[in-house]
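All of the numbers you see were taken from the coordinates with simple rules; none came from a lab. None of these values were measured; they are calculated from a predicted model. As a convention, Cβ positions derive from the backbone with ideal geometry for all residues, glycine included, and neighbour counts pool all protein chains shown.
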Amino acid sequence: MSGIGIARTVHLVGVIFWVGGMGARLILLGSRTSGTDESARSQLYEAQRRIHLRLELPAFLLALLAGLFLVHASGVTFHQAWFSVKMLLLLGVILLDPLASRQFKALRSSGKGGRAAGLIAVLVVLALLMVLATLTKF
């Protein structure tokens, strides 16, 4: 297998675990009940924090490093429409992370969670559009 093939595999695995970890956190957020006591909210917050720090963050860094290598090795530029679209969608997924974290902090402090279903829907749509942009390359 060539260096680019290995980098593609590493990039794909990183993206899968990154987006999967974010999805798992959002599912946790959506699973809470409205009458959850403070200790249960604290446990939920710590569980999502572990997912974020032990799964999401390393997977994101792995995907980022492999992606940067792929961009450099294959000569992709922002002048290619599919790549520009993919980068805009990627920015959207990156911006979802602080939104999810903010929802968990609100749940932990006040017991009022956020819009997990909406964030999950946005994550799924953005991820599918990124895959579509990569596969079609307009």
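What single numbered condition from (1) of a type outside the set (Val, Ile, Thr); (2) more than 26 Å from Gly3 (Cβ to Cβ); (3) surrounded by 14 or more Cβ atoms within 10 Å (Cβ to Cβ) fails to hold for Ser42?
For Ser42, the failing item is (3).
Residue by residue through the stretch 84-113, note down the ones that are farther than 25 Å from Arg32 by Cα, of a type in the set (A, V, I, L, M) and crowded, with 19+ Cβ neighbours inside 10 Å.
The answer is Leu89, and nothing else.
Tally the residues that are among the basic types (Lys, Arg) and out of contact with any helix residue (DSSP H, G or I) (no Cβ under 9 Å at 6 or more places or on another chain), restricting the search to the stretch 35-91.
Total meeting the criteria: 1.
Failed condition for Ala116, given (1) within 20 Å of Leu12 (Cα to Cα); (2) crowded, with 18+ Cβ neighbours inside 10 Å, with all others met?
(1) is the only condition that Ala116 fails.
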